[in-house]
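Enquirer: What follows is a single structure, and I will ask about it in a moment.
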């Protein structure tokens, strides 16, 4: 998938691109209802930890019924904020917001973390004019707890300035 991310970094984002990447990541996973498509199940998509009798819900994503509209907005925003587009954003701002926006929407049954990091890498590559090969996943892994704490905080508050 990352080879595709890097080789197509300059192309505008489409739903089909996201579906292709999702298929590349999870085509082997037979337990998923939808591979290469946005989630469609009725259950709420929640990030939960803790004991079964006392779960802690860290975040609840929009319902599956809302995902097509949310992802239309995401794809449109991503393309509008690209370098040279209608509302370009600075590289790190765009990459960070892109990642947070994608993770908060959580459009797929599984693979959202990997795809969200791929979106941040695509964003950075577009802004610098070439793939960065910075291994964002490695950088996040080094400060995993801080990453998840910040992600949860900003998903709940929508305060992203810091």
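The values are calculated or read from the model by the stated rules, or taken from the named source; none is laboratory data. Keep in mind that what you see is a predicted model, and the values were worked out from it rather than measured. For neighbour counting, all protein chains shown are included, and Cβ atoms are generated from backbone atoms with ideal geometry for every residue, glycine included.
Enquirer: Any residue at all in the stretch 54-61 that is at pLDDT 95 or above and surrounded by 12 or more Cβ atoms within 10 Å (Cβ to Cβ)?
Expert: no
Enquirer: Testing residue 7 on (1) over 29 Å from residue 156 (Cβ atoms); (2) modelled with pLDDT under 85, one condition comes back false. Which one is that?
Expert: Going through the list (1) over 29 Å from residue 156 (Cβ atoms); (2) modelled with pLDDT under 85, residue 7 breaks only (2).
Enquirer: I would also like to ask the following. Restricting attention to the stretch 77-134, and to residues there that are more than 15 Å from the chain's Cα centre (by Cα) and under 22 Å from residue 62 (Cβ atoms), which single residue is surrounded by the fewest Cβ atoms within 10 Å (Cβ to Cβ)?
Expert: 80
Enquirer: While we're on this one: Given the residues 62, 107, which is the only one that is part of a loop (DSSP other than H, G, I, E, B) and within 23 Å of residue 11 (Cβ to Cβ)?
Expert: 107
Enquirer: Please work out if residue 88 is in contact (Cβ under 8 Å) with a residue 12 or more places away in the chain, out of contact with any strand residue (DSSP E or B) (no Cβ under 8 Å at 6 or more places or on another chain) and not in a helix (DSSP H, G or I).
Expert: Here the answer is no, as residue 88 does not meet what is asked.
Enquirer: Over 11 Å from the mean Cα position of the chain (by Cα), touching a residue at least 24 places away in the same chain (Cβ under 8 Å) and surrounded by 12 or more Cβ atoms within 10 Å (Cβ to Cβ), is that true of residue 150?
Expert: So residue 150 does not fit the description; no.
Enquirer: Within the stretch 1-47, track down each residue that is assigned to a loop (DSSP other than H, G, I, E, B), out of contact with any helix residue (DSSP H, G or I) (no Cβ under 8 Å at 6 or more places or on another chain) and free of Cβ contacts under 8 Å to residues at least 40 places away in the same chain.
Expert: 27, 28, 30, 31, 43, 44
Enquirer: Name every residue in the stretch 31-61 that is out of contact with any strand residue (DSSP E or B) (no Cβ under 9 Å at 6 or more places or on another chain) and under 27 Å from residue 127 (Cβ atoms), in order of residue number.
Expert: Within the stretch 31-61, 38 is the sole residue that qualifies.
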